[in-house]
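The values are calculated or read from the model by the stated rules, or taken from the named source; none is laboratory data. Just so you know, these numbers come straight off a predicted model, no measurement behind them. With ideal geometry, Cβ positions are generated from the backbone for all residues, glycine too; neighbour counts draw on all protein chains shown.
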Amino acid sequence: MASGGGNGRKPLISGNWKMHHNHFEAIQTVQKLSYQLGSDDYAAVDVSVHPPFTDLRSVQTVLESDEVPVALGAQHCHWEDKGAFTGEVGPPMLAKLNVAYVIAGHSERRDLFGETDEMVNRKVRAIIAAGMTPIMCVGEHLEEREAGTTEERVSSQVRAGLEGVPGEQVGAMVIAYEPIWAIGTGRTATPEDAQAVCGVIRSVVGELAGEAAAGAVRIQYGGSVKPTNTAELMAQPDIDGALVGGASLDPDDFSRIVRYRKE
Ligand code: 13P
C-alpha cells in the first residue's frame, strides 16, 4: 500500500517505550491499542511497539493470539549472536520472538551508554543478518544545531552507520531522525526543519547506496511527536513515519498518532 504521498513508501509509526511499562502494563497497553485501531489504519500505516526486553514475550503472545497486526520491536541488541556478554541480548534471540524491528543507535544509547558509530554499524549489520529491520537513529545535539553543524553531524552518522551495508538492504531499512534537543522536551523540530534534515539523509543514502535505496528507505522523525503535530510532520515529502517516545505509552495518544490522517 502506497503512502499518501504516492512515493510507494508505507508510513511506519513506532512506539519506543524506553524503560517504561512492566509486562502486565505492556499487555494492557497493547490490548487497549488494538481496540482503538482498525483494518483501515493498518492498511494505511505500519505500526510497531518497542517494549523493554522483559515484556517482549508477553507482548508477542498478545499480538499473535489476538492476531493484532502491530509489529513487535526491540530497543537495542548486541551485535554478536551469543557469548560472554553479561546483560546483553543477541539478535537471533529477538528474531526467535518474531521481533521485526530493532532500534539501533538511539541517542540515549549513544550518550548514556557510550555507543559509537562503529558499534551502531555492527548492530545494524547484525540485525539485518538475523532477518530483522534496523531502525537506525541519528540526530544532533543542541550545540551542534546552534553551531550550524546539523547536516554535517547527521550525514556522518548516516555514512558510518551504513558502512558495508549493501544497497538493497539499505533500501529496506528505517532511519530515524531524532534531534536530541527535541527528545522528551516538548520541543519539536518545525516540519520544515525536520524535512530539510530528512532530505539530507535521503540524499546521503542515494550517494552511498544508490537511487533505488534512497527512494525506498523509510525515514522517521522523532522528538516530542504528539497527536496534534503528527499530521504536519507526516505531510513532509521525506518524512515517512514517526518514532514516538512519551506519547506512545498511552494507547489513546498513540492510536491518535497512528490515525494522524483523521486528526
Ligand atoms: P519523545 O517522543 O518522548 O520526545 O521521545 C522520542 C524518542 O526518543 C523516541 O525514540
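Restricting attention to the stretch 26-52 and to residues that are farther than 10 Å from VAL258 by Cβ and small (Gly, Ala, Ser), the residue that is nearest to the chain's Cα centre (by Cα) turns out to be SER48. A count restricted to the stretch 206-231 and to residues that are over 21 Å from VAL138 (Cα atoms) and either within 14 Å of the ligand (Cβ to nearest atom) or of a type in the set (Asp, Glu) (or both) stands at 2. The single condition among (1) outside any helix (DSSP H, G or I); (2) buried (at least 18 other Cβ atoms within 10 Å of the Cβ); (3) of a type in the set (Ser, Thr, Tyr) that THR86 does not meet is (2).
Cβ-Cβ contacts under 7 Å between residues 6 or more apart (or on different chains), taken from a first residue in the stretch 170-195 that is among the acidic types (Asp, Glu) to a second residue that is within 11 Å of the ligand (Cβ to nearest atom), are listed as GLU178/SER107; GLU178/CYS137; GLU178/GLY139; GLU178/GLY222; GLU178/GLY223; GLU178/LEU243. Quick check: is even one residue across the stretch 167-178 within 18 Å of GLY245 (Cβ to Cβ) and modelled with pLDDT under 95? For the stretch 167-178, residues within 18 Å of GLY245 (Cβ to Cβ) and modelled with pLDDT under 95: absent. Based on what the data block shows, is ASP240 away from the ligand (no atom under 15 Å from the Cβ) and crowded, with 24+ Cβ neighbours inside 10 Å? Yes: the conditions hold for ASP240. Within the set VAL124, VAL154, VAL120, the sole residue that is farther than 28 Å from VAL70 by Cβ, out of contact with any His (no Cβ under 9 Å at 6 or more places or on another chain) and part of a helix (DSSP H, G or I) turns out to be VAL154. With respect to VAL258, is the statement that it is closer than 22 Å to ARG109 by Cα and either within 16 Å of the ligand (Cβ to nearest atom) or at pLDDT 95 or above (or both) true? Answer is no for this residue.
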